[in-house]
1. Among (1) more than 18 Å from B:Ser136 (Cα to Cα); (2) crowded, with 16+ Cβ neighbours inside 10 Å, which single condition is B:Glu161 missing?
2. So, in segment B:223-255, exactly how many residues are in a loop (DSSP other than H, G, I, E, B) and among the hydrophobic types (A, V, I, L, M, F, W, C)?
3. Which is more than 30 Å from B:Asp242 (Cα to Cα) and touching an Asp or Glu at 6+ places or on another chain (Cβ under 8 Å), of A:Arg48, A:Arg116, A:Arg103?
4. Tell me which residues, restricted to segment A:117-148, are surrounded by fewer than 23 Cβ atoms within 10 Å (Cβ to Cβ), in contact with a strand residue (DSSP E or B) (Cβ under 7 Å, 6 or more places away or on another chain) and without any contact (Cβ under 8 Å) to a residue 24 or more places away in the chain.
5. Do we find a residue being more than 21 Å from B:Thr110 (Cα to Cα), crowded, with 16+ Cβ neighbours inside 10 Å and away from chain A (no Cβ under 14 Å) anywhere in segment B:335-344?
6. Please enumerate the residues belonging to segment B:339-348 that are touching an Asp or Glu at 6+ places or on another chain (Cβ under 8 Å) and either among the basic types (Lys, Arg) or part of a loop (DSSP other than H, G, I, E, B) (or both).
7. Which one of these is surrounded by fewer than 18 Cβ atoms within 10 Å (Cβ to Cβ) and either outside the structural domain of B:Leu33 (by TED's automatic domain parsing) or at positive phi (or both): B:Ser209, B:Ser241?
8. Can you confirm whether B:Gly257 is within 20 Å of A:Trp171 (Cβ to Cβ) and either at pLDDT below 95 or surrounded by 15 or more Cβ atoms within 10 Å (Cβ to Cβ) (or both)?
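The values are calculated or read from the model by the stated rules, or taken from the named source; none is laboratory data. These numbers come from a predicted model, not from an experiment. Here Cβ is always computed from backbone atoms with ideal geometry, including for glycine, and neighbour counts include all displayed protein chains.
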Amino acid sequence: MSERNNYQLTHLHQLEAESIFIMREVAAQFGKPALLFSGGKDSIVMVRLAQKAFWPAKLPFPLVHVDTGHNFNETIQFRDDLVKDVCGDLVVASVQEEIDAGRAKEESGLNPSRNRLQIPALLNVIEKNSYDACLGGARRDEEKARAKERFFSHRNSFGEWDPKNQRPELWNLFNGKMDFGEHFRVFPLSNWTEMDVWQYIKLEDISLPNIYFSHNREFVRRNSILLGKCEHITLLDNEEWESGNVRCRTVGDMTCTGMVESVANNIDDIIEEVAAARQTERGGRADDKRSETAMEDRKKEGYF
Amino acid sequence: MSTDTKGYLDMDLLRFTTAGSVDDGKSTLIGRLLYDCKSIFEDQWDAVEQSSKQRGDENVNLALLTDGLRSEREQGITIDVAYRYFATPKRKFIIADTPGHIQYTRNMVTGASTANLAIILIDARNGVIEQTCRHSFIASLLQIQHIVVCVNKMDLVDWSEDQFNKVVSQYKEFASRLDVPHIDFIPISALLGDNVVDRSENMDWYKGSPLLYTLENVYIGNEHNHVDARFPVQWVIRPHSDEYHDFRGYAGRVAGGVFKQGDAITVLPSGFESKIKRVHDINGDLEEAFAPMSVTFTLEDEIDISRGNMIVKQNNPPESSQQIEAMLVWFSSQSDLLESGRYTIRHTTNEVKCLLKELKYKVDINTLHKVEDDREVKLNDIARVSIQTSAPIHFDRYRRNRVTGSFVLIDDHTNNTVAAGMIIS
């Protein structure tokens with residue numbers, strides 16, 4: 001701990017203390033919470049914070065992964081190792097099963113994204129397991145609709161978010177009361193920025209899937225976004241696979257997670273790159289580019 | 001932004017709110033701070049530029065950076081508290097950007113509840129107006145220690161020192177009735193950037209610091225109470241594992257004072273006494289814990305403690321009572337405050353039933369006068385009340401400790417948070 005004299009916490013330790021406080025509130029206020037785990041750096045940091053919050057006990061909630069079936073292999077491998085490492089419970093909600101059962105329909109067109117299809121899979125796994133609170137790793141600096149979301153975000157029995165009727169949150173008093181069938185999404189990393197997350201990963205020496213670091217991969221440039229080669233992406237007439245050193249800034253579906261050309265292969269280099277970046281990390285997300293309020297619209301329907 | 005990790009790990013955190021009325025340039029000021037501190041990215045800028053064009057705005061509309069929700073963009077107003085982040089090599093900043101319309105007092109209170117500092121914007125042409133008073137009063141009510149008054153649009157009054165001084169003395173006269181220890185005044189032009197990040201060349205007569213420098217250097221070492229040791233228990237950790245078979249840890253966030261290994265403590269409400277055995281951290285033991293750290297204690301004796309209890313140091317107990325006097329801000333648009341109404345009160349990690357016993361008076365937040373003949377407390381009203389609780393709560397006055405002196409009221413029928421309260425006695 002690099003604390004200052006006269007009882008001052010550094011900003012990272014203040015953020016850490018706040019997030020741990022939120023996680024413990026969730027364990028205390030809800031009967032059946034779950035941690036939504038995407039395999040991305042933010043949810044990996046969440047697992048680390050949860051470990052700290054409840055040590056030496058195990059996590060009092062399972063990790064729930066909504067598997068689109070379009071995930072990077074590296075993410076799945078990493079997820080399984082991490083679950084083993086923290087002695088956690090893993091619940092997988094499969095988008096493929098939703099499609100097979102006819103509850104979700106695959107998008108047609110050029111690069112069909114399963115991003116939106118996560119909504120029915122997520123709502124289903126919540127209902128099936130009666131989860132009353134889902135911890136998510138979303139941050140307010142990611143996107144403008146997120147900037148107005150509460151730590152404790154109430155969802156009605158259809159999983160919908162009503163941005164104009166949110167509960168006020170003051171001091172550190174969080175109200176998780178609800179009616180039967182409703183649930184909460186809770187975001188302990190609300191006040192973190194991308195830079196904070198990377199600095200914390202360095203401070204705590206947290207390991208990450210290797211797709212975050214520079215590696216050689218085939219990709220295609222589409223609408224100034226770099227998409228990694230995979231079976232789910234079909235080339236257009238004038239397109240071709242290129243190869244080069246790339247890495248992911250965020251990790252999601254292979255069909256919409258843009259990569260950046262980068263030679264950063266360690267945390268310090270990434271921090272340097274983040275500091276110099278001219279694009280937000282979601283700037284490479286094809287799913288956000290669909291309309292100006294794409295995120296808000298998805299969130300209202302029950303997206304993370 | 002600092003890329004030097006060591007420097008970054010040494011940064012501290014300042015939370016501030018911005019308040020102002022419509023058109024006084026608040027969004028422009030925030031846009032300017034974010035832009036000049038390189039916290040706006042190219043794709044955000046492009047998106048805002050494009051939206052501005054579509055809307056037919058003449059210049060790039062910086063308000064679109066903060067107005068994220070569809071209806072806000074449609075109506076051109078800010079509905080809710082938006083949180084913004086930026087950092088300089090010295091500090092990380094969290095801005096709670098709250099709307100200035102009269103109907104959104106509750107958002108201003110929300111933003112102010114966690115702030116160390118409030119920026120109040122005044123249009124140099126108009127001077128102190130009703131909303132200025134309202135925002136300042138809320139900052140004072142919520143015990144924000146620093147107010148920075150930015151007298152904006154100095155470019156429109158010919159950078160006039162006289163006009164600035166006039167606004168300053170107007171504000172000082174009003175502020176003498178407030179309870180804010182530190183007030184700074186800065187003449188700025190958010191639009192042109194004068195005295196925001198860089199010193200203005202148009203106002204030689206101003207000898208103080210620009211805004212960003214002030215934000216970077218304001219002293220925040222006394223934000224938490226480090227005298228009265230308070231630890232509301234949040235969660236009891238019982239691993240039930242072979243390795244930690246008998247482990248019983250009390251998890252929570254220090255709400256005040258300093259706890260060390262060996263300290264003699266009392267548990268409230270039971271009154272049981274013990275000593276702190278260890279202050280736990282995943283990486284080993286800590287020597288001490290202070291506000292606002294999240295830690296876990298183990299005690300020398302096995303005593304019955306659960307969520308909602310408070311661990312305090314012996315010889316320095318908080319007040320314990322079933323009768324409290326408080327200032328209340330009403331948050332609900334669906335129901336008004338009911339005298340003799342019953343609510344759930346959430347105070348630290350504790351929750352009990354309560355009865356709203358008496359409405360003493362309302363406060364007119366424009367004049368700060370007490371209003372005794374109006375008995376209706378509605379959305380955005382502020383009132384002094386007395387409350388009776390079903391079991392004793394353990395508190396400090398809000399002035400002494402913002403964590404153990406604050407509470408919210410929850411309506412049991414709707415589950416909504418209907419009021420926020422600050423304990424007077």
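1. (2)
2. Of the residues in that region, 5 qualify.
3. Result: A:Arg116 is the single residue among A:Arg48, A:Arg116, A:Arg103 that is more than 30 Å from B:Asp242 (Cα to Cα) and touching an Asp or Glu at 6+ places or on another chain (Cβ under 8 Å).
4. Scanning segment A:117-148 gives no hits.
5. no
6. Of everything in segment B:339-348, those that are touching an Asp or Glu at 6+ places or on another chain (Cβ under 8 Å) and either among the basic types (Lys, Arg) or part of a loop (DSSP other than H, G, I, E, B) (or both) turn out to be B:Glu339, B:Arg342.
7. Matching residue, one of B:Ser209, B:Ser241: B:Ser241.
8. yes
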